[in-house]
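The structure under discussion is supplied below as structure tokens; questions concerning it will follow.
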Amino acid sequence: MSVLNGAIAPDWEVDHWFNAEADFSLRKLRGKVVFLHAFQMLCPGCVTHGIPQAQRVQAAFSPEQLVVVGLHSVFEHHAVMNKDALESFIYEYKLSFAIGVDRPGQGEPIPRTMRSYAMRGTPTAILIDRQGRIRWQRFGRPDDLQLGAAIGQLIAEPAAQSEEEAAAGCTADGCAVPT
């Protein structure tokens, strides 16, 4: 369980995006459920379990319901896990979801986004709801059924009200006369 569970998800600190526009951001994904998968390309658990799970999640849900985002968070073997190597890795594994390169830590090996999300390592799976709140976070190999159930629960939640609806006293059941 994440220490940030229920908190607004911190912005991603990314140096480069693959399979996405340069200005890709969490803010632009508001209104959608987000599955964030943090990985390292030389992490055995990421390669054998985490990345295939992210690919299965992407195949199982429509992009209107759920957006899968990869975050390459390197905290070891920095010299060999550079942008060019990651680009080849993405091509070889046929990864089509957006993948950001986490910014290196300031004077420490832990990358910035990894630190701001209090991740314990890779792989880490994080679900962010439509309002941008962290709702589920697991280090290691989350069970497919548990992950699927958590995703389904977030997708089934009603969408957030617009500011105009909230100001007018509207809910999913109707709109109240202002007092």
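The values are calculated or read from the model by the stated rules, or taken from the named source; none is laboratory data. Since this is a predicted model, take the numbers as computed values, not measurements. All Cβ positions, glycine included, derive from the backbone under ideal geometry; neighbour counts span all protein chains shown.
For the stretch 80-94, does any single residue satisfy the condition of being surrounded by 18 or more Cβ atoms within 10 Å (Cβ to Cβ) and modelled with pLDDT under 95?
Within the stretch 80-94, one or more residues are surrounded by 18 or more Cβ atoms within 10 Å (Cβ to Cβ) and modelled with pLDDT under 95.
Which of the residues that make up the stretch 1-23 are surrounded by 15 or more Cβ atoms within 10 Å (Cβ to Cβ) and either within 12 Å of the chain's Cα centre (by Cα) or acidic (Asp, Glu) (or both)?
Within the stretch 1-23, 9, 10, 12, 13 meet the criteria.
Out of the residues in the stretch 53-79 that are more than 30 Å from residue 156 (Cβ to Cβ) and among the aliphatic types (A, V, I, L, M), state the one that is surrounded by the most Cβ atoms within 10 Å (Cβ to Cβ).
Among residues in the stretch 53-79 that are more than 30 Å from residue 156 (Cβ to Cβ) and among the aliphatic types (A, V, I, L, M), the one surrounded by the most Cβ atoms within 10 Å (Cβ to Cβ) is 74.
For the stretch 73-104, what are the residues that are of a type outside the set (Val, Ile, Thr), in a strand (DSSP E or B) and in contact with a Leu (Cβ under 8 Å, 6 or more places away or on another chain)?
If the condition is that a residue be of a type outside the set (Val, Ile, Thr), in a strand (DSSP E or B) and in contact with a Leu (Cβ under 8 Å, 6 or more places away or on another chain), then 100, 102 are the ones that fit.
Next question, about the same structure. Restricting the search to the stretch 9-28, which residues are of a type in the set (D, E, K, R) and in a strand (DSSP E or B)?
15
Ok, one more. Exactly one condition in (1) out of contact with any Leu (no Cβ under 7 Å at 6 or more places or on another chain); (2) at pLDDT 95 or above is false for residue 107; which is it?
For residue 107, the exception is condition (2).
I would also like to ask the following. Please pick out the residue among 15, 84 that is among the acidic types (Asp, Glu), on the phi < 0 side of the Ramachandran plot and free of Cβ contacts under 8 Å to residues at least 24 places away in the same chain.
84
Between 70, 31, which is of a type outside the set (Ser, Thr, Tyr) and assigned to a loop (DSSP other than H, G, I, E, B)?
31
Given the criteria at pLDDT 95 or above, farther than 29 Å from residue 41 by Cβ and not small (Gly, Ala, Ser), does residue 115 qualify?
no
Do you know which residues across the stretch 40-52 are crowded, with 20+ Cβ neighbours inside 10 Å and either without any contact (Cβ under 8 Å) to a residue 40 or more places away in the chain or of a type outside the set (Val, Ile, Thr) (or both)?
The answer is 40, 41, 43, 46, 50.
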